[in-house]
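> Provided herewith is a single structure, encoded as structure tokens, for subsequent inquiry.
The values are calculated or read from the model by the stated rules, or taken from the named source; none is laboratory data. Quantities reported herein were computed from a predicted structural model and do not represent experimental measurements. With ideal geometry, Cβ positions are generated from the backbone for all residues, glycine too; neighbour counts draw on all protein chains shown. Side chains included, ligands, DNA and RNA excluded: accessible areas come from the protein's heavy atoms. Shrake-Rupley method; radii C 1.70, N 1.55, O 1.52, S 1.80 Å.
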Amino acid sequence: MATPSSSRSGADRCPGLLTPFVSADGAMVRLRVPGGRVAASTLAEICSLAGTFGDPDVTVTSRGSLQLRGLPDPLPRELITAIGDLGLVPSGEHDKARNIVADPDPALDDLVAALDAALLADPGLAQLPGRFLLAVAGPGGPVLGEPWDVAIVDEGSTARVLVDGRSVVVDRADAAQAALDVARRFLATRPDARTWNVRDLSPEARVDLLPGGTVVVVEAGAPPVAGPVGEDLVALLPLGLLTPRMAQALVASRGSSQSSSHLDERGETTMRLTPWRSVVLPGGAIQAAELETAGFVTRPDSPWTILTACAGAPACARTSTPTRDLAREAAPLLDPAGPPVHVIGCERACGHPARPHTTSLTPSSVADIVAAQRSPLRKA
Ligand code: SF4
């Protein structure tokens, strides 16, 4: 969600961008989008920047954030300024800590905003590891199936704060601070800076993170399937890639199909990126055919609902396997009703689904990927 700009220039708010991660295909910038909430105009602007400065395809990650790849190193000053002016990096110090995933339910927007604002307001929380994950969900929400460290479950006037199989109930208005209190205790408790997640602590330390917590069984629903949901649309991005053509279709869809009920007070449409490499478009059902033509998947029986891949070659220097190209070739041959398959170029298995799936490690052919779908499921 874009946060209002301060009086500092865009470049001044993005010190982290001055030292980007550099891979085989150039510099890479990760833009965290708390809860996946992003205005359609902001998404279009990011795609325009990607096309101007690097790889025109923007990657939507398994945390619902955005990656711009193939950028010059060092990053051009104009790019840093433009990213900062979009309000996507409101605090350079906190940038890596803003890892919030959320169910794509508009009723959770205020909880996501409150959690992000409270996180940004505490200088100490800038120390949270980049892998520490906060979640906001409805009861039984699908993001509860993701590998979160602390979760808030909206229960109406109250909310449940979850940590490691235990929970406390607090007033809804206090939920953000209660969740961040857990994060503060985690920072105070962890033995060293390489302890990134709650699950890395001892069992005793984990219990101490949530005083008064009682044991709870956490149940997660299935991620939303591709296709219309009432007036809205769940549109899947094959391989998590948002191409310029898809971005243009998004812009066109918000211009031609959105009724005023889908616009916020700024006349904007808030789209919701999900950890399952899809985007939920308010009022988008009527545009399903155009978006499908542009490259989105809007049918639940598409093989892209069960097929993912890491970046692979040539983007990643760790492999010579062109994972994405092979996945594209294999897609028509896979069973959409079968187990999910993740194609990877090495054991790191970047971008793997959080739910049970099979892997195709360094496939040499499409046949290897097809065979992998028949191999035993493994947990993330
Ligand atoms: S899984 Fe390995 S080959 Fe694939 S992107 Fe990650 S590091 Fe590169």
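> Using a 1.4 Å probe, what is the accessible area per residue for the range 98-192, in Å²?
Per-residue value: 34 Å².
> With both partners inside the chain, how many of the DSSP beta bridges are antiparallel, as a percent to the nearest 5?
Close to 75 percent.
> Also, quick follow-up: Using only alpha carbon pairs under 8 Å that are at least six residues apart, calculate the relative contact order of the chain and give it in whole percent.
Value for the chain: 15 percent.
> Based on the alpha carbon coordinates of the range 303-372, what radius of gyration and maximum Cα-Cα distance (Dmax) apply, in Å?
When restricted to Cα atoms, the range 303-372 yields Rg and Dmax of 10.7, 33 Å.
> Right, another one. How would you rank 190-200, 281-291, highest first, on the average number of other Cβ atoms within 10 Å across their residues? Please report the intermediate quantities before stating the final value.
Values: 190-200: 13.6, 281-291: 20.6.
The packing order, highest mean first, is 281-291, 190-200.
> Give me the percent of accessible area attributable to carbon and sulfur for the range 322-380, probe 1.4 angstrom.
In the range 322-380, the share of accessible area belonging to carbon and sulfur is 56 percent.
> For the range 334-380, count all C-alpha to C-alpha pairs, find those more than 16 Å apart, and express that count as a whole percent of the total. Could the numbers behind the result be given before it?
Values: 332 of 1081 pairs.
For the range 334-380, the share of Cα pairs beyond 16 Å comes to 31 percent.
> Further question on the same structure: Quick one: what Rg and Dmax do you get for the chain from the alpha carbons, in Å?
Both quantities, over Cα of the chain: 20.2, 56 Å.
> Can you give the accessible area per residue of the range 303-372, in Å², using a 1.4 Å probe?
Dividing the accessible area of the range 303-372 by its residue count gives 43 Å².
> Give me the accessible area of Trp304, 1.4 Å probe, in Å² rounded to the nearest 10.
50
> If you add up the charges near Gly230, with Lys and Arg at +1 and Asp and Glu at -1, over every other residue whose beta carbon is less than 15 angstrom from its beta carbon, what do you get?
-2
> For the range 100-201, evaluate the Debye formula with one uniform point scatterer on each Cα (no solvent term) and list log10 I(q)/I(0) at q = 0.17, 0.21 Å⁻¹, rounded to two decimals.
-0.71, -1.08
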